[in-house]
Amino acid sequence: MSAVASIADERLLIEAAQNDPSRFAELYENNFDRVYGFIARRVRNREEAEDLTAEVFHRALLNIGRYQWRGVPFAGWLLRIAANAVAGRWARLSKNPEVAGEGIADLDMGVEQAVERQVILLQLVHRLPHDQRLVIERRFTDQKSTREIAAELGRTEGAIKQLQFRALQTLRADMRRPS
């Protein structure tokens with residue numbers, strides 16, 4: 001399936017879910033692994049990851065009517081919700097240590113900063129030129145090879161590598177800039 005077809009399909013799924021929330025299930029299935037993986041790398045255990053993942057999809061379902069299609073993968077919106085959920089969890093734990101249970105004493109503020117950097121990075125990726133953003137999303141979110149991306153976009157592998165290089169240069173420079 002081409003990138004254009006998959007984007008069009010995703011847009012149709014979103015519109016269907018906006019009109020009938022029972023249609024949200026396919027969006028859930030298509031994005032569950034990515035959201036769970038994102039959260040699981042940022043929390044202490046499987047139970048927390050499962051709870052936060054459920055919270056993310058619950059929030060997404062409640063707010064699907066307000067989602068505005070901008071031509072970028074739906075997963076980006078879900079990952080923003082996930083980053084906010086993880087950051088909110090850490091903020092709650094840091095304010096109320098009794099809620100955290102064992103191990104709260106070693107709560108690392110570095111985790112909160114890492115989540116914040118991830119959210120900023122997602123926002124910066126969305127500002128990239130369309131072709132660069134597509135390459136970065138396919139390469140690092142979908143974990144496709146340059147050969148697969150080249151075939152999907154009808155470009156040479158060299159062109160894909162150049163787009164990736166320029167995008168990463170831009171992202172590095174933007175991440176270094178003081179906000």
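How many of the residues in region 1-13 are at pLDDT 90 or above and surrounded by 13 or more Cβ atoms within 10 Å (Cβ to Cβ)? Of the residues in region 1-13, 1 are at pLDDT 90 or above and surrounded by 13 or more Cβ atoms within 10 Å (Cβ to Cβ). For region 25-44, a residue qualifies if it is assigned to a helix (DSSP H, G or I) and in contact with a helix residue (DSSP H, G or I) (Cβ under 8 Å, 6 or more places away or on another chain), and the qualifying residues are 26, 27, 28, 30, 31, 32, 34, 35, 36, 38, 39, 40.
Checked against the criterion of being in contact with a Phe, Trp or Tyr (Cβ under 6 Å, 6 or more places away or on another chain) and at pLDDT 85 or above, region 80-91 contains one or more residues that satisfy it. For region 136-160, how many residues are more than 22 Å from residue 171 (Cα to Cα) and hydrophobic (A, V, I, L, M, F, W, C)? The total comes to 1.
The values are calculated or read from the model by the stated rules, or taken from the named source; none is laboratory data. Every value quoted in this text rests on a predicted model; they were computed, and no experiment measured them. Note: ideal-geometry Cβ built from the backbone for every residue, glycine included; neighbour counts use all protein chains shown.
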